[in-house]
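A short reminder: the numbers here are calculations on the coordinates, not readings from a lab. On a predicted model such as this, the values are computed, not experimentally measured, just so you know. Here the Cβ positions follow ideal geometry from the backbone for every residue, glycine too, while neighbour counts run over all protein chains shown.
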Amino acid sequence: MTAVAERRSAKDLDADPVLEVDGLTVDIRTITGTMRAVNDVSFSARRGETLALLGESGCGKSMTATALVGLLEPVADVVAGSAHLADVDLFSVGRAKRREMAGTELAIVFQDALTALNPLYTVGTQLAEPFRIHYNLSAKEAKSKAVELMARVGIPQPETRMNSYPHQFSGGMRQRLLIAMAVALNPSVLIADEPTTALDVTVQAQIMALLRDLRTEYRMAVVLITHDLALVAEEADRVAVMYAGNSIETGPVAEVFANPQHPYTKGLLNSVPVNARRGDELKSIGGTPPDLHAIPDGCVYQARCPLARDVCATTRPALDSVGPNRKAACHFPEEVVNV
Amino acid sequence: MSEKLLEVRDLRKSFQVPGKKKLCALDGISLDLGRGETLGLVGESGCGKSTLARTLLMLERPDSGTVRFDGIDPFSLRGKELLAFRRRVQMVFQDPYASLNARMSAGDIIAEPWRSHKSLYKSRRDRDMRVRGLLDLVGLGAKAADKYPQEFSGGQRQRIGIARALALDPDVIICDEPVSALDLSVQAQVLNLLNDLQGQLGISYVFISHDLSVVRHVADRVAVMYLGRIIENGPTEAVFERPNHPYTAALMSAAPTLDGAQRKERILLKGEVPSPLNPPSGCRFRTRCWKATEVCATTTPPSAVDPEIAGHTAECHHPLLQEGSALVPA
């Protein structure tokens, strides 16, 4: 059996979701007016499973993650929606409760490990911090926990390396440190925001393998935020495709990629130079995503969509069921096959 | 190969770094580029891709080795001849946001190279005509000339960068990660444009990229670099389908593909690229290689030729193809 098939059969797709996001809407206040960065986005993540949020720059995928972990800039607000994790709504609980949940229930791994780590403290101190704050461990106990953790994520000679500073590590090792810090308190949900985008491909493969192992070991739900279709195909079980702040298609990765039900998903898949030989014309999506200040009425994708007609300009399609476990926001999903 | 345009032999370049150490960025690079051909250059960060590009652009002077461009050694030229030569190799940069001056209009940006190369398009009228022609050529339309970079999207900016590179009618354009800053849907547009331009103008490209699927699409031949050396070189399909160097095989297998289920066994390399300040003895790759033996530590591997495909070489003591199908680490 291939690794992919094994992963799917071992999974209970009907298991109760551990994180349920419903109707998340985020507005950003700018000088030129309010713009909607995330609009009515819903998804759920289950233990032991990877859910991918897939989209191009500006589609709202990182803003979704930032809203979930409560790190939105002051100019951005969650104006609607809920996110249920461990029986509480992340957007309505108080600050104290959120702090308590940070790391123990919900953790995040950022893209740029060098800016996510504090350059002035040794990595041992930084890795020990979650244990000191949440478990009230002594400095010595916390440091020994940190060493264990560094060994677990594959950092050689952790006893000596814990006294090094972040800049003394390579990019891949720094990402391992961030992952170690994120899983330190055994969270239920791990959000990985473009965790390997800054890394070389052989190192990316190592980091993704580590994340996969930890997901199984800790039975975490992983929310993988990425623009890389191939990474989604290999790492994720389910995917939510985002465009201009909206989630436009969701479903199991294998099915969505084999038979997309939204013209944007199809367009993205067509743009990958996968089997295209030298000199073949690549299919591309004409135009660019809409300005978030001026999202059109009707469908967000209408300006670039080859299927667009009158109804698309007037009515925004809802994210409706297009089959078991699958949803798409398109008026003409049955025609996508022709795109 | 088509008519040979560029011939590089045993190029070496090292940099002095604080502490009296030498960083050997290029350690004996040899490659050829034909007219109208695209050479893909792949490798991980720090392998010397950009130093090689800078040397080909004559922004760095090599310590040793030869470069022959149409039979001429560009590093021997002076004065007017040198200026005329510089026209022939141009560059498209990675970051379309940082590589365009925000205070100049698109038209001025494209016309700027002519301020150094005064013999081209002498009259104002000729220059304006040519700018409009170039903007049409890259699919932006003549009206774009008066707009400023911030009025364009990333993909459109990259088109301006390409038009600027074309302004001097070069023979070779060095594209350093030209689409890695662009979104996927826009990336395809720019790759199509580069392909069309090559068909129309017969330009050669040196195409540097870390994205193997992009390289496979654009390149006629591929050179794989590791710590300052080209460790495998050959026709694109041969290198992708029959990698002969363990590093190439590992690199190919590490890149995720859409067809995840059908992939070959993944080769997960240990560790990361060693520091070029202190490269391993013998074969540079031996510290991460699952086939390494004693000889790899003592002797720099010779270039092994794939008997079935002309021009497909790999520097390895234990090339994969000659040892059956042992593509997977033991």
**Study point:** Those aspartates and glutamates that a straight Cα-Cα span of less than 13 Å connects to B:Lys4, excepting residues fewer than 8 apart in one chain
**Key:** B:Asp32, B:Glu37, B:Asp70, B:Asp171
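Just to confirm the filter: which GluC sites (Glu not before Pro) across the stretch B:3-95 are DSSP coil and have at most 14 other Cβ within 10 angstrom of their Cβ? It would help to have the intermediate numbers written out before the result.
Details: sites: B:Glu3, B:Glu7, B:Glu37, B:Glu44, B:Glu60, B:Glu81; in loops: B:Glu3, B:Glu37, B:Glu44, B:Glu60.
Passing sites in the stretch B:3-95 are B:Glu3.
Under unit Cβ charges (Lys, Arg +1; Asp, Glu -1), what dipole magnitude, rounded to 20 debye, does chain A have relative to its Cα centre?
Its charge dipole is roughly 740 debye.
Of all trypsin sites (Lys or Arg not before Pro) in the stretch B:267-318, which ones are in loop regions per DSSP and have a Cβ with at most 16 other Cβ atoms within 10 Å? Don't skip to the end; give the middle numbers.
Working: sites: B:Lys270, B:Arg284, B:Arg286, B:Arg288, B:Lys291; in loops: B:Lys270, B:Arg284, B:Lys291.
Passing sites in the stretch B:267-318 are B:Lys270.
Longest span of chain B, sites excluded, free of chymotrypsin sites (Phe, Trp or Tyr not before Pro) in DSSP loop with at most 16 other C-beta atoms within 10 Å? Show your work: numbers first, answer last.
Working: sites that count: B:Tyr97, B:Trp290.
No qualifying site falls inside B:98-289, the longest such stretch.
Within the set of other residues whose C-beta is less than 13 Å from the C-beta of B:Lys22, count the net charge using Lys and Arg as +1 and Asp and Glu as -1.
Details: positive: B:Arg12, B:Lys13, B:Lys20, B:Lys21; negative: B:Asp27, B:Asp63.
Net charge around B:Lys22: +2.
Would you work out if the stretch A:279-339 is rounded, prolate or oblate? Take a ≥ b ≥ c from the square roots of the eigenvalues of the alpha-carbon gyration tensor; rounded if a/c is under 1.5, else prolate when a/b is larger than b/c, oblate otherwise. It would help to have the intermediate numbers written out before the result.
Working: a/c = 1.88, a/b = 1.09, b/c = 1.72.
Note, shape of the stretch A:279-339 comes out oblate.
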Point to revise | 5 angstrom amide H check on B:Leu11, placed H, neighbours 5+ away | key: B:Gly28, B:Ile29, B:Ser30, B:Thr66
Exercise for review: Using the 4.7 Å Cβ rule, please list in number order the cysteines from chain B without any candidate partner.
Suggested key: B:Cys24, B:Cys47, B:Cys175, B:Cys289, B:Cys316
**Study point:** Loop trypsin sites (Lys or Arg not before Pro), the stretch A:261-339, which have at most 13 other Cβ atoms in a 10 Å radius of their Cβ (DSSP)
**Key:** A:Arg277, A:Arg309
Check your understanding: Let a ≥ b ≥ c be the square roots of the eigenvalues of the Cα gyration tensor of the stretch B:4-219; is it rounded (a/c under 1.5), or, if not, prolate (a/b larger than b/c) or oblate?
Key -> prolate
**Study point:** Distance between modelled label sites at B:Gln200 and B:Lys147, nm, 7 Å Cα→Cβ extension
**Key:** 1.8
Check your understanding: What is the distance in Å between the Cα centres of the stretch B:203-268 and the stretch A:220-268?
Key -> 26
Check your understanding: In the structure shown, do any of B:Lys13/B:Lys49; A:Lys143/B:Lys270; B:Lys49/B:Lys270; A:Lys61/B:Lys147 have a Cα-Cα gap over 24 Å, and if so which?
Key -> A:Lys143/B:Lys270; A:Lys61/B:Lys147
**Study point:** Cα lying deepest toward the dipole's positive end in chain B, options B:Leu269, B:His318, B:Pro280, charges on Cβ
**Key:** B:Pro280
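Want the number for A:Asp87 to A:Glu20: 0.36 nm per residue separation, take away the alpha-carbon distance, what's left? Each step should come with its number before you reach the end.
Values: separation 67, 0.36 × 67 = 24.12 nm, distance 1.01 nm.
That works out to 23.1 nm of additional length.
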Point to revise | Estimated dipole of the stretch B:245-323 in Debye, rounded to 20 [Cβ of Lys and Arg +1, of Asp and Glu -1, Cα centre] | key: 300
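When a/c is below 1.5 the answer is rounded, else prolate if a/b is larger than b/c, else oblate, so apply that to the stretch A:215-339 with a ≥ b ≥ c taken from the square roots of the Cα gyration tensor eigenvalues. Intermediate values should be presented prior to the final figure.
Details: a/c = 1.71, a/b = 1.25, b/c = 1.36.
Oblate, since a/c reaches 1.5 and b/c is not below a/b.
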Point to revise | Two-decimal Rg to Rh for the protein assembly as shown - Kirkwood Rh, Cα set | key: 0.97
Point to revise | Cβ-derived FRET efficiency at R0 56 Å, A:Ser164 paired with B:Asp169, nearest 0.05 | key: 0.60
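Kindly provide the helix-only [θ] at 222 nm of chain B, computed as the sum of -39,500 (n - 2.57) over DSSP H runs of four or more divided by all residues, to the nearest 500 deg cm²/dmol? Don't skip to the answer; put the middle values down first.
Details: 11 runs with 98 residues, N = 330.
Rounded to the nearest 500, it is -8500 deg cm²/dmol.
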Practice item. Restricting to the protein assembly as shown, compute how many DSSP beta bridges are antiparallel as a %, nearest 5. Key: 60
Check your understanding: Between A:Arg212 and A:Ile133, what is the label-to-label distance in nm when each label sits 7 Å out along the Cα-to-Cβ direction?
Key -> 3.2
Check your understanding: Once amide H atoms are built 1.01 Å from N in the peptide plane, which residues 5 or more positions from B:Val92, or in another chain, come under 5 Å H to H?
Key -> B:Ile174, B:Cys175, B:Asp176
Practice item. Place a +1 charge on the Cβ of each Lys and Arg in the protein assembly as shown and a -1 charge on the Cβ of each Asp and Glu, then give the dipole magnitude about the Cα centre in debye, rounded to the nearest 20. Key: 2080
Study note, to complete from the structure: Once amide hydrogens are built 1.01 Å from N within the peptide plane, the residues lying 5 or more places from A:Arg46 or on another chain with amide H under 5 Å from its amide H are A:Val18
Practice item. With a point put 7 Å past each Cα toward its Cβ, work out how far B:Arg266 is from B:Ser180 in nm, to one decimal. Key: 2.1
Study note, to complete from the structure: Phi-derived 3J(HN,Hα) across the stretch B:198-205 with the Karplus relation (6.51, -1.76, 1.60, θ = phi - 60°), rounded Hz, x for Gly and Pro, is 5, x, 6, 10, x, 6, 9, 10
Practice item. Post the alpha-carbon centroid distance, the stretch A:283-323 to the stretch A:187-213, in whole angstrom. Key: 32
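Normalised by the number of residues in chain B, what is the relative contact order in percent for Cα pairs under 8 Å and 6+ residues apart? Intermediate results must be reported in sequence, preceding the final value.
Details: 601 pairs, mean separation 63.0, N = 330.
So the answer I get is 19 percent.
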Exercise for review: Return the lysines within reach of B:Lys118: Cα separation strictly under 21 angstrom, same-chain partners fewer than 8 residues apart disregarded; answer none if there are no such residues.
Suggested key: B:Lys80
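Would you compute, from DSSP H runs of 4+ residues alone, the mean residue ellipticity of chain A at 222 nm, taking -39500 (n - 2.57) per run and dividing by the full residue count, rounded to the nearest 500?
Working: 13 runs with 115 residues, N = 339.
So the calculated ellipticity at 222 nm is -9500 deg cm²/dmol.
Relative contact order (percent) for the stretch B:245-323, with alpha-carbon contacts under 8 angstrom and 6 or more residues of separation? Before the final figure, lay out each step's value.
Working: 82 pairs, mean separation 20.5, N = 79.
Relative CO of the stretch B:245-323 lands at 26 percent.
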Exercise for review: Could you tell me the distance between the Cα centroids of the stretch B:93-172 and the stretch A:42-119, to the nearest Å?
Suggested key: 42
